[in-house]
Amino acid sequence: GSFASGSVSLQPGFNQVLYDVRDVLIDKPGNIHVQGHSDDIAISTARFRSNWELSSARAVSIAHALLRGSVLDSQRFVVSGFARG
């Protein structure tokens, strides 16, 4: 429910879920691992050459949303994408 197929734009209403997660992470120490996943449909567009790029871009979208408001330190974030080639 976080992304439409082939998209890196968060679905309406999902930001509130991320803000709730962010509020929990504020008081937790350690790194924050954000892992993006692709669709199960192969993609090859002008924007995304592969599902690798889609999954990585989705992880970045989530990380940026969690960083809104500057309450979390970006140095805590580890961002990665997962997809089949």
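The values are calculated or read from the model by the stated rules, or taken from the named source; none is laboratory data. The structure presented is a predicted model; accordingly, all values stated were derived computationally and were not measured. Neighbour counts run over all protein chains shown; Cβ positions are idealised from the backbone, glycine included. Side chains are part of the model used for accessible areas, which takes the heavy atoms of the whole protein and leaves out ligands, DNA and RNA. Shrake-Rupley method; radii C 1.70, N 1.55, O 1.52, S 1.80 Å.
Let me spell it out: the conditions are (1) open to solvent by 40 Å² or more (accessible area, probe 1.4 Å); (2) part of a helix (DSSP H, G or I); (3) touching a residue at least 40 places away in the same chain (Cβ under 8 Å), and Ile62 meets all of them except one. Which number is the exception?
(1)
Test each condition in (1) at pLDDT 95 or above; (2) part of a helix (DSSP H, G or I) for Leu72 and report the one that comes out false.
Checking Leu72 against (1) at pLDDT 95 or above; (2) part of a helix (DSSP H, G or I), the one that fails is (2).
Say whether the condition of being in contact with a Leu (Cβ under 6 Å, 6 or more places away or on another chain) and free of Cβ contacts under 8 Å to residues at least 40 places away in the same chain is met by at least one residue in the stretch 18-36.
Checking the stretch 18-36: not a single residue is in contact with a Leu (Cβ under 6 Å, 6 or more places away or on another chain) and free of Cβ contacts under 8 Å to residues at least 40 places away in the same chain.
Any idea which residue in the stretch 46-59 is most open to solvent (accessible area, probe 1.4 Å), counting only those that are out of contact with any His (no Cβ under 8 Å at 6 or more places or on another chain) and under 18 Å from Asn15 (Cα atoms)?
Ala57
Any residue at all in the stretch 38-45 that's surrounded by 12 or more Cβ atoms within 10 Å (Cβ to Cβ) and either assigned to a strand (DSSP E or B) or at pLDDT 95 or above (or both)?
no
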